[in-house]
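Scroll down for the structure; my scribbles are underneath it.
The values are calculated or read from the model by the stated rules, or taken from the named source; none is laboratory data. Please read all numbers here as calculations on a predicted model, not as lab measurements. Here Cβ is always computed from backbone atoms with ideal geometry, including for glycine, and neighbour counts include all displayed protein chains. Side chains are part of the model used for accessible areas, which takes the heavy atoms of the whole protein and leaves out ligands, DNA and RNA. Shrake-Rupley method; radii C 1.70, N 1.55, O 1.52, S 1.80 Å.
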Amino acid sequence: MTEAAVRLEGVRHVYAGDPPVVAVENISIEASKGSFVSLLGPSGCGKSTILRVLAGLIAPTAGTASIDGQSAVGCYSLAAHMPQRDLLLPWRRVEANATLGAEIAGIPRAEARSLADRLYERFGLDEFVHAWPSQLSGGMRQRLALLRTFLMPRSTLLLDEPLGALDALTRREMQEWLENVWQSDRRTVLLVTHDIEEALLLSDVVYVMSPRPGHIVARIDVNLARPRRTSDIISPGFVELKERVLEALHMRP
Amino acid sequence: MRELLPAMIFVGLLLVGWEMWVRARDIPTYLLPPPSDLWQAFIDQRHALPVHIRTTLGEALLGLLCASLLGVLLAGLIASVPLIRRVLYPLLVISQNIPVLVLAPLLAVWFGFGMTPKVVIVVLIGFFPIVVNTTDGLLRADREIVELVRSMGANRWQIFRTVLVPSAIPSFFAGLQIGAAYAVIGAVIAEWMGASSGLGLFITRSQRAFRTDQIFMAVVVIALISVMLFASVRLLAHFAMPWNRDGVQVTKTT
Ligand SMILES: Nc1ncnc2c1ncn2[C@@H]1O[C@H](COP(=O)(O)OP(=O)(O)OP(=O)(O)O)[C@@H](O)[C@H]1O
Ligand SMILES: [Mg+2]
């Protein structure tokens, strides 16, 4: 595919230290423009590491990483990165946190604010625009971090467990919501998760990773119709895909 | 106010005990005047005191202001230029162990007996805790937040402005608080080297006249001013960091 928005080839990363940690090994993945791709794997397999490489925060020990054909190594801000911790700035109100990325990307403040104004309701933050982050619940903090990521003028979003802080029920609800939000502007999404159903409900493609040192053990195309509903998880097509994922994870005999 | 009540009751009891003890044991007033004498001294001097208070407080405030400006500036340099950090930071920490007050006579030689040497003393006293704390705050900014903002495409200045400076504000106020606690004492002691007004001068004069009651009264006034200055800094911190207030409540707007 030539129109890949995200592409990694033979990426290996070793964290220096004593002993050095081989986080990921020979990772080759790609996401075509406007698609929703997930990285699924057990804790510590190097999912966040891959996103950090794409965000330009770490240079991989070997291999190449590019976004829209441009090398991501040593190059910040090619994609909008939402780290695993929400990393809200405690000294900025909700509105100023939401527009942080947009402001740094050079969008005038007033314009950024009006962009944000249109999305608060959708992100369930409309009553808290003037609140401080310390006044938000865990789920609200994540939605704010997500909103901040969405407001960055980038065509690729790197989301590191964006629903990680939610309880199982809210999480299902938010998955439907996230699909919805994504469908409204169709930017390329690379999502990290260790929730199998979440990956299948949201993605066009799921890459399954092995435990550390992480490598790709399966690439699974999810051809289920959209929009998907939580109830789809009991449909035969879904169950079959889930079995393939479990197999790849060696969680099935 | 409510939380100060126990302390105030304690002080009240202490004063009553002091008064009764001095009277019962018939202790001469030039050794230990009872609280009622201090009050009398205060009433007698109430027209003379404001000038002295104004002088001393002015020196303390001006000194703290200069210390803050200088301290913040230096902290910014130390935190952002590694070479300056490696040269200055150790020196700064070591210099904290030099008692600034031994410099007072020197300063009188250099700057005379006007306001300058007093302000310089206050600056020297207040400056260290401010630099050290602010630098610490700048250097301890959440590394992941810095990385996040960097990944958004921020340049060094933007990172400094949007992340480092706000994360150092609590530390700056912690330093300023320490400085404020010592600023008045610093000014008073500097005034002992020679001054034309100020609480330090008032104490020196009272001492020459063997007015122990006036010395005690001045000490109480100094303590009160120090406490007020300290409290003002806390209040300032409270307003400067609205996100950091205890008991921030979720307020729904609907
Ligand atoms: N800065 C670092 N220095 C050294 N080792 C690190 C560092 N960051 C991560 N690692 C190691 O690299 C491995 C992969 O980490 P990474 O955070 O990418 O995993 P992950 O798949 O995101 O895990 P999780 O699902 O728990 O978030 C882990 O074993 C971790 O211990
Ligand atoms: Mg992770």
How high is the FRET efficiency from B:Ser80 to A:Asp167, r the C-beta distance, R0 35 Å, rounded to 0.05?
-> 0.25
In whole percent, how big is the carbon plus sulfur part of the accessible area of region A:88-153, probe 1.4 Å, protein atoms only?
-> 49 percent
Does a label point 7 Å from the Cα of B:Phe111, set along Cα-to-beta-carbon, have any residues of region B:155-192 with amide nitrogen under 16 Å, and which are they?
-> B:183-192
Computed E for A:Ala16/B:Leu91 - FRET, C-beta separation, R0 45 angstrom, nearest 0.05 = 0.90
Tell me what the protein assembly as shown gives for mean residue ellipticity at 222 nm when only DSSP H runs of n ≥ 4 count, each as -39,500 (n - 2.57), the sum divided by the residue total, rounded to 500 deg cm²/dmol.
-> -17000 deg cm²/dmol
Enumerate the helices in chain B for which the Kyte-Doolittle hydropathy averages 1.0 or more and the C-alpha atoms extend at least 15 Å along the helix's axis, using complete DSSP H runs.
-> B:5-25, B:49-80, B:82-95, B:116-139, B:165-192, B:212-240
Span-rule helices in chain A, defined as complete DSSP H runs reaching 24 Å or more along the axis (Cα) with Kyte mean at least 1.0 = none
Apply the Debye scattering formula to the protein assembly as shown, with a single equal point scatterer on each alpha-carbon and no solvent, then give log10 I(q)/I(0) at q = 0.07 Å⁻¹.
-> -0.57
Residues in region B:75-90 reached by a label modelled at B:Ile98 [backbone nitrogen below 17 Å; 7 Å Cα→Cβ] = B:87-90
Among A:Leu158, A:Ala225, B:Leu13, the residue whose Cα sits farthest towards the positive end of the charge dipole of the protein assembly as shown, when +1 is placed on the Cβ of each Lys and Arg and -1 on the Cβ of each Asp and Glu, is B:Leu13
Estimated inter-spin distance, B:Arg2 and B:Trp39, nm [label 7 Å along Cα→Cβ] = 3.0 nm
Under a 10 Å cutoff between Cα atoms, tell me which one of A:Trp132, A:Trp91, A:Trp177 has the largest fluctuation in the Gaussian network model of chain A.
-> A:Trp91
To the nearest 20 debye, what charge dipole does region B:54-240 have about its Cα centre, counting +1 at the Cβ of each Lys and Arg and -1 at the Cβ of each Asp and Glu?
-> 160 debye
Compute the accessible area of each residue in region A:69-100 twice, once for its chain alone and once with every protein chain present, using a 1.4 Å probe on heavy atoms, and list those whose area falls by at least 50 Å².
-> A:Tyr76, A:Arg85, A:Leu87, A:Trp91
Along chain A, longest interval not containing exposed GluC sites (Glu not before Pro), exposed being DSSP loop plus at most 11 other Cβ atoms within 10 Å | A:122-253
Which whole-number percent is the relative contact order of chain A (Cα, under 8 Å, 6+ apart)?
-> 24 percent
Taking all protein chains as present, what is the carbon and sulfur share of the accessible area of region A:203-253, in % to the nearest whole number, probe 1.4 Å?
-> 56 percent
At a 1.4 Å probe, what is the % contribution of carbon and sulfur to the accessible area of region B:54-240?
-> 72 percent
